[in-house]
Amino acid sequence: MNSTLARLVVKRLGSGALTLLIVSLVVFTITALLPGDAAQALLGQEATPETVAALRAQFGLDQPAYFRYFQWLGGLLIGDPGTSLANGMAVADLIGGRLPNTLKLAAIAALVAVPLALTIGILSAMFRGSLFDRTMNTAAVAAVSVPEFLIASLAVLLFAVHLQWLPALSHVSEINSFSDFLRAYTMPVLTLCCGLVAQMARMTRAAVIDQLSSPYVEMAMLKGARPIRVVLTHALPNAVGPIANAVALSLSYLLGGVIIVESIFHYPGIATLMLDAVATRDMPLVQACAMLFCLGYMMLVLVADVSAIVSNPRLRK
Amino acid sequence: MTSSITPAAPEGGRPIAPSMNVQPPKQRRRPRMLSITGLIGLAIVGFWLVMAVAGPSVAPHPANALVSDDSFGPMSSAFPLGSDYLGRDILSRILHGAPYTIGVALAGTVCACLLGTVLGLTGAAAGTGGKAGHWVDEVLSRAMDALISIPNKLFALIMVASFGSSVPLLILTAALAYMPGSYRIVRSLAVNVMTLDFIQAARARGEGMAYIIFIEVLPNMFRPALTDFGMRFVYVVLLLAAMSFLGLGVQPPDADWGSLVRENILALGEGAPAVLAPAVAIATLTIGVTLLIDSLGGRGKREKDGV
């Protein structure tokens, strides 16, 4: 890695950190600057002003907003995002108990989706305009324009109701064997993969086509290389950067997808935790989950951008 | 919708943006508008737009009337799409839900695109102006970059957690969530148009900024902006449906199509139409809009920008 490259990457990382800071400000502003606050909501209408004031002082809500923001931000940085209002447990413990489940679901979905999407994307690019390409394109458009819960409903209807192969809910706590694992994960992963594969395949196709239309590929074809060889040894090595970019960007789809999928299949992950927090207006938990999702999203976008920067041949030595 | 596109065509002898319309626009547009999938999309979108207004009055039953003895009844001549968990007519409930699903999404999309367009044009106009203007552009773009880094569903969850769910809040949420994307597209389109010769000519003539923006720039970016509006509408419909499905969108006794899926989710075990019909209604709407937009062209720009 030469110095120009290093400087660009560092610059991108810095702007990512700045964006994350602004995001935290936005999240805090929306969730913490309400006319009514948590103490009032917790005690209800009949509470006397004294008890409300006492609870406000206990939560630190009597401090000015900017002070609370820095306190909260400092807490996040040292891994202590506060305590849940609903049950008094530490938010870090609540999240710690659920996060591995969500990461596992996301990782399995990515493991299934990436090879599938790359294969479909590269084949579509190679046989551009063919029946396969057009079918895949139509399927992809359909998959990204229908709601996730329709896909999940159809999967449940097919696999749980008609074929009776799988249970309608995901029981991750009872995994003792590989078949339990398949029973718990097949439908959530299948639902997540539909949208994920569709998006990734389209972006991969675009990245490969971009390379295939460049002069060096034409040169390779003119000298008589077979199409397979042109794609595999000429175009693909140069498309690695754009493809990595496409993969990372598409994976950010997972962040929205898991919210619906975990809810439908009652999967005990971070999204269901956050949905419960939203329903009970447990603000410290909502804020922490929100920042976690934003962090995940930012990291994927960063990976995408950095892989685009690093793979730029003009910056290579 | 066909006639609303014509303002993109040049009137009189005004020059066209060469990067967008290489061929005369009429020759290019006509075959596209007649494509079969585009017509199907137009028919579906037209149908649902009419239903968004007329749906409640043509529905055979009131939205909350208990008309069937069966819960999760099958399709029949009396209840074409079956009955729900309380024995209400699903077809009627879908028709009564149409104004919510389509109306709220449309209002949110219009707000998002209006805000995005105003700010995007401001950014583009300021960016091509002096040093102070450049600074305005920089701040706007930076703020939009931060907003776009909050996943939309997550943003909606934060808003609902903080302010409670109501129709005005859902519209505001959709508007704020999709405004940054619209800003980016409008800004990049406007910046492209503003570098063209006829803008220089207008400036040299001494035209004001308002004239340049409304008479020279806007008409020349109308088509891609319209395409973007359609795509954004699809995303907003999906976002609002997801929120209602999670029980955080339109609140009972009102129901949009996402709420209908949620309240009838138990029908899944019986394979009853009650749960699939509203989900399919959403799918027809979003696919219809997508087909229409694809036949209008201009998707490439949106995908390249990754918004």
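The values are calculated or read from the model by the stated rules, or taken from the named source; none is laboratory data. On a predicted model such as this, the values are computed, not experimentally measured, just so you know. Positions of Cβ are backbone-derived with ideal geometry, glycine not excepted, and every protein chain shown enters the neighbour counts. These accessible areas exclude ligands, DNA and RNA; they are computed on the full protein's heavy atoms, side chains included. Shrake-Rupley method; radii C 1.70, N 1.55, O 1.52, S 1.80 Å.
At-a-glance table
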| quantity | calculated |
| --- | --- |
| Threshold 30 Å² - residues in the stretch A:257-275 whose accessible area is reduced by that much or more when the chain is no longer isolated, probe 1.4 Å | A:I259, A:I260, A:M274, A:L275 |
| Reciprocal mean inverse distance between Cα atoms of the stretch B:54-296 - Kirkwood radius, Å | 19.9 Å |
| Loop trypsin sites (Lys or Arg not before Pro), the stretch A:193-261, which have at most 15 other Cβ atoms in a 10 Å radius of their Cβ (DSSP) | A:K223 |
| Relative contact order of the stretch A:44-131, defined on C-alpha pairs under 8 angstrom at six or more residues apart (%) | 10 percent |
| Cβ-Cβ FRET estimate between B:R203 and B:W135, R0 fixed at 25 Å, reported to 0.05 | 0.75 |
| Magnitude of the charge dipole, the stretch B:54-296, Cβ model with Lys/Arg +1 and Asp/Glu -1, debye to 20 | 700 debye |
| Heavy-atom accessible area per residue - the stretch B:113-219, 1.4 Å, Å² | 41 Å² |
| Cβ-based charge dipole, the stretch B:170-281, positive-most Cα from B:L260, B:G249, B:T227 | B:T227 |
| Label-point gap, in nm, between A:L21 and A:D276 - each point 7 angstrom along Cα→Cβ | 3.5 nm |
| Cα gyration tensor category, rounded, prolate or oblate, for the protein assembly as shown with a/c compared to 1.5 | rounded |
| The protein assembly as shown, dipole about Cα centre (Lys/Arg Cβ +1, Asp/Glu Cβ -1), debye to the nearest 20 | 2900 debye |
| Shape of chain A, Cα gyration tensor, a/c cut at 1.5 | oblate |
| Sequence-separation-based contact order of the stretch A:91-316, relative, with Cα cut under 8 Å and 6+ spacing, percent | 28 percent |
| FRET E, pair B:A43, A:A139, Förster distance 30 Å, beta-carbon r, rounded to 0.05 | 0.85 |
| Separation in nanometres of the label points that stand 7 Å from Cα toward Cβ, at B:V118 and A:T51 | 4.5 nm |
| Of all accessible heavy-atom area on the stretch A:181-317, the percent that carbon and sulfur account for (1.4 Å) | 66 percent |
| The stretch B:54-296, accessible surface, carbon-and-sulfur percent (1.4 angstrom probe) | 67 percent |
| Interface B:A - total buried accessible surface [probe 1.4 Å, Å², rounded to 100] | 3500 Å² |
| Zone residues, the stretch A:88-111, relative to A:F181, backbone N less than 14 Å from point 7 Å out along Cα-to-Cβ | A:104-105, A:107-109, A:111 |
| Estimated inter-spin distance, A:L77 and A:H162, nm [label 7 Å along Cα→Cβ] | 5.6 nm |
| Listed residue (A:G129, A:A90, A:L21) projecting farthest to the positive dipole end of chain A, Cβ model | A:G129 |
| FRET efficiency, 1/(1 + (r/R0)^6) with R0 56 Å, evaluated for A:K223 and B:N64 via beta carbons | 0.15 |
| Accessible area per residue, Å², the stretch A:91-316 with all protein chains present, probe 1.4 Å | 45 Å² |
| Minimum 50 Å² accessible area buried by the other protein chains, the stretch B:197-245 residues, probe 1.4 Å, relative to alone | B:L238, B:F245 |
| Student exercise, the stretch A:91-316 dipole from Lys, Arg, Asp, Glu Cβ charges, in Debye to nearest 20 | 900 debye |
| Cβ-based charge dipole, chain A, positive-most Cα from A:P227, A:I209, A:Q71 | A:P227 |
| Exposure rule at most 15 other beta-carbon atoms within 10 Å, DSSP loop chymotrypsin sites (Phe, Trp or Tyr not before Pro): chain A longest free segment | A:166-317 |
| Tensor-based shape of the stretch A:195-293 (alpha-carbon gyration tensor, a/c under 1.5 rounded, otherwise prolate or oblate) | prolate |
| Max mean-square fluctuation residue, GNM over chain A, Cα-Cα springs under 10 Å, options A:A207, A:A142, A:A271 | A:A142 |
| Within the protein assembly as shown, helix-based [θ] at 222 nm, where runs of 4 or more DSSP H residues each add -39,500 (n - 2.57), nearest 500 | -22500 deg cm²/dmol |
